[in-house]
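Enquirer: Please see the structure below; I have some questions.
The values are calculated or read from the model by the stated rules, or taken from the named source; none is laboratory data. Everything numeric in this text was worked out from a predicted model, so none of it was measured. When we count neighbours, we look across all protein chains shown, and the Cβ atoms used for this are built from the backbone with ideal geometry, even at glycine. These accessible areas exclude ligands, DNA and RNA; they are computed on the full protein's heavy atoms, side chains included. Shrake-Rupley method; radii C 1.70, N 1.55, O 1.52, S 1.80 Å.
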Amino acid sequence: MHQAIPCSNTRAWPRPGDISSSPPVRQSGNVRQVVEDNPVVVVGRKGCCMSHSVRRLLQGLGVNPTVYEVSTEEETAVAREVCGTGDAAFPVVFIGGKFLGCIDRLMAVHMSGELVPILKEAGALWL
């Protein structure tokens, strides 16, 4: 039989709010200004698990992305502002002020090994 690992009472588990070092940005209106002001921006639906996955992937690489959360009421307007059409598939990622794409494009760039050089060029990663 396996023995249980003793638990230490001196170390507290982190609370969910303590893990994220970049709180979501809630601004009404100009998404473009947020994209221009930050090296990496994730625009996604409020509470979306895919936005969370994108954020965690980028944090795992050492990047602290700004997350712009979109409510269902403002989804079409933000999609029109971000992509030029009203039917963007959220989450979308901007690196260095340029539109990278949706989660499928982010994963493809990451798996091909091109994401880290793009992040370095944008000044979001210094390693």
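Enquirer: Suppose the filter is closer than 20 Å to Ala124 by Cβ and not β-branched (Val, Ile, Thr); does Asn30 pass it?
Expert: no
Enquirer: Search segment 71-100 for residues that are without any contact (Cβ under 8 Å) to a residue 24 or more places away in the chain and over 25 Å from Pro39 (Cβ atoms) and pair each with any residue that is part of a helix (DSSP H, G or I) and of a type in the set (Ser, Thr, Tyr) when their beta-carbon atoms are under 9 Å apart and the residues are at least 6 apart or on different chains.
Expert: Gly86/Thr76; Asp87/Thr76
Enquirer: Against the conditions (1) modelled with pLDDT of 90 or more; (2) open to solvent by less than 80 Å² (accessible area, probe 1.4 Å), where does Cys83 fall short? Just the number, please.
Expert: (1)
Enquirer: Then there is this: Residues of segment 111-126 being without any contact (Cβ under 8 Å) to a residue 40 or more places away in the chain and either touching a Ser or Thr at 6+ places or on another chain (Cβ under 9 Å) or not hydrophobic (A, V, I, L, M, F, W, C) (or both), which ones?
Expert: Passing the criteria: Ser112, Gly113, Glu114, Pro117, Lys120, Glu121.
Enquirer: Tally time: how many residues in segment 86-127 are loosely packed, with under 15 Cβ neighbours inside 10 Å and either in contact with a helix residue (DSSP H, G or I) (Cβ under 7 Å, 6 or more places away or on another chain) or not small (Gly, Ala, Ser) (or both)? Steps first, answer last, please.
Expert: Taking segment 86-127 first, the residues loosely packed, with under 15 Cβ neighbours inside 10 Å are 86-87, 89, 97-98, 104-105, 108, 111-114, 117, 120-121, 123, 126-127.
Checking which are either in contact with a helix residue (DSSP H, G or I) (Cβ under 7 Å, 6 or more places away or on another chain) or not small (Gly, Ala, Ser) (or both) leaves us with 86-87, 97-98, 104-105, 111, 114, 117, 120-121, 126-127.
Result for segment 86-127: 13.
Enquirer: Here's something else I'd like to know. Determine whether Gly62 is open to solvent by 50 Å² or more (accessible area, probe 1.4 Å) and touching a residue at least 40 places away in the same chain (Cβ under 8 Å).
Expert: yes
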